[in-house]
1. Give segment 54-70 a look and list any residue that's surrounded by 12 or more Cβ atoms within 10 Å (Cβ to Cβ) and either in contact with a Pro (Cβ under 7 Å, 6 or more places away or on another chain) or within 13 Å of residue 103 (Cβ to Cβ) (or both), or say none.
2. Just for segment 83-107: of the residues that are among the hydrophobic types (A, V, I, L, M, F, W, C) and surrounded by 12 or more Cβ atoms within 10 Å (Cβ to Cβ), which one is farthest from the chain's Cα centre (by Cα)?
3. Going by the structure shown, is residue 43 at pLDDT 90 or above, aromatic (Phe, Trp, Tyr), in a loop (DSSP other than H, G, I, E, B) and in contact with a strand residue (DSSP E or B) (Cβ under 9 Å, 6 or more places away or on another chain)?
4. I'm told residue 77 meets every condition in (1) within 15 Å of residue 46 (Cα to Cα); (2) over 16 Å from the mean Cα position of the chain (by Cα); (3) hydrophobic (A, V, I, L, M, F, W, C) except one. Can you identify the failing condition by its number?
5. Could you check residue 49 against (1) of a type in the set (A, V, I, L, M); (2) in contact (Cβ under 8 Å) with a residue 24 or more places away in the chain; (3) exposed (fewer than 11 other Cβ atoms within 10 Å of the Cβ); (4) farther than 21 Å from residue 107 by Cα and say which number it fails?
6. I'd like to verify a number: residues in segment 5-21 that are at pLDDT below 95 and not in a loop (DSSP other than H, G, I, E, B), how many?
7. Might you check whether a residue that is surrounded by 11 or more Cβ atoms within 10 Å (Cβ to Cβ) and of a type in the set (Phe, Trp, Tyr) occurs anywhere in segment 3-22?
Amino acid sequence: MTFFINRKLGLGLSIITPETKLEKLLWNLYEKYAEDMELRKQFNPLETLGQESVKNIKYGAAYIESVKAQDTFYYDIRINKIMAPQVPTQPPLPAINVNVAGFSWEKVR
């Protein structure tokens, strides 16, 4: 037997259907987050490295915002390209190491 627990029932919150203007504002906010966090882009370390052999990136993975403040959860990621051992008669293949060097919440404003 399956019983669907909707958000209102599960959280005990008063849920409203927003007016068109508010819904558009909320959707635009989501689109901005999706762009900033690159939600529609698959992570490809080879593409990120390009011609470099080492690259450090800072990735904003979560946001908490209010009128007065903004905090962002960042991952510090280190990508290294190394050459895998060569098999005779085949060209060397790059191997990629992706390491999380650190992570933390940071106050943005």
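The values are calculated or read from the model by the stated rules, or taken from the named source; none is laboratory data. Since the model is a prediction, treat every value here as computed from it, not as a measurement. Because the Cβ atoms are built from the backbone with ideal geometry, glycine has one as well, and the counts that use them run over all protein chains shown.
1. 57, 58, 59, 60, 62
2. Start the filter on segment 83-107 by keeping residues that are among the hydrophobic types (A, V, I, L, M, F, W, C), which leaves 83-84, 87, 93, 95-96, 98, 100-101, 103, 105.
Checking the rest, the ones that are also surrounded by 12 or more Cβ atoms within 10 Å (Cβ to Cβ) come to 96, 98, 103.
Working: 96: 19, 98: 15, 103: 13 Å.
Ranking the candidates gives 96 first.
3. Yes; evaluated as a whole, the condition is true for this residue.
4. Of (1) within 15 Å of residue 46 (Cα to Cα); (2) over 16 Å from the mean Cα position of the chain (by Cα); (3) hydrophobic (A, V, I, L, M, F, W, C), only one is false for residue 77: (2).
5. (3)
6. Of the residues in segment 5-21, 6 are at pLDDT below 95 and not in a loop (DSSP other than H, G, I, E, B).
7. no
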